[in-house]
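Student: Mind looking over this structure? Questions follow.
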Amino acid sequence: MSLDLVSYEQKANEAVKAFWGNREAARQKQIESGKADQGERAGVTSGKNMDGFLALILDIIHANGLLDAEIHQNRAMLRRL
């Protein structure tokens, strides 16, 4: 059985564009509100930067028969070591 990569090249390209677009949108929103974070932090605080990559991974999982797979996205589970 071969792995179905669901047009991953196109979806990865879209995910990269979304990543940079979301960062810029978050940075602009902070600038407009007058509460911009320092340096690159302004572009990464929105929490949506990786959504395109998550969608790609979910598409691959579902396309390969793991329809009942569970993906847990709990921010409380993310912590610094």
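The values are calculated or read from the model by the stated rules, or taken from the named source; none is laboratory data. No experiment lies behind these values; they were computed from the predicted model shown. Virtual Cβ from ideal backbone geometry, glycine too; neighbours counted across all protein chains shown.
Student: For the range 27-80, how many residues meet the condition of being in a helix (DSSP H, G or I), modelled with pLDDT of 80 or more and closer than 22 Å to residue 12 by Cβ?
Tutor: Here the count works out to 13.
Student: Ok, one more. Mind checking which pairs have a first residue in the range 49-72 that is free of Cβ contacts under 8 Å to residues at least 24 places away in the same chain and a second that is surrounded by 10 or more Cβ atoms within 10 Å (Cβ to Cβ) and outside any helix (DSSP H, G or I), Cβ under 9 Å, 6 or more apart or different chains?
Tutor: 58/69; 61/69; 62/6; 62/69; 65/4
Student: Go through the range 56-71 and report how many residues are surrounded by fewer than 14 Cβ atoms within 10 Å (Cβ to Cβ) and in contact with a helix residue (DSSP H, G or I) (Cβ under 8 Å, 6 or more places away or on another chain). Walk me through how you get there before you give the answer.
Tutor: Applying the first criterion (surrounded by fewer than 14 Cβ atoms within 10 Å (Cβ to Cβ)) to the range 56-71 yields 65-71.
Checking which are in contact with a helix residue (DSSP H, G or I) (Cβ under 8 Å, 6 or more places away or on another chain) leaves us with 69, 71.
Qualifying residue count, the range 56-71: 2.
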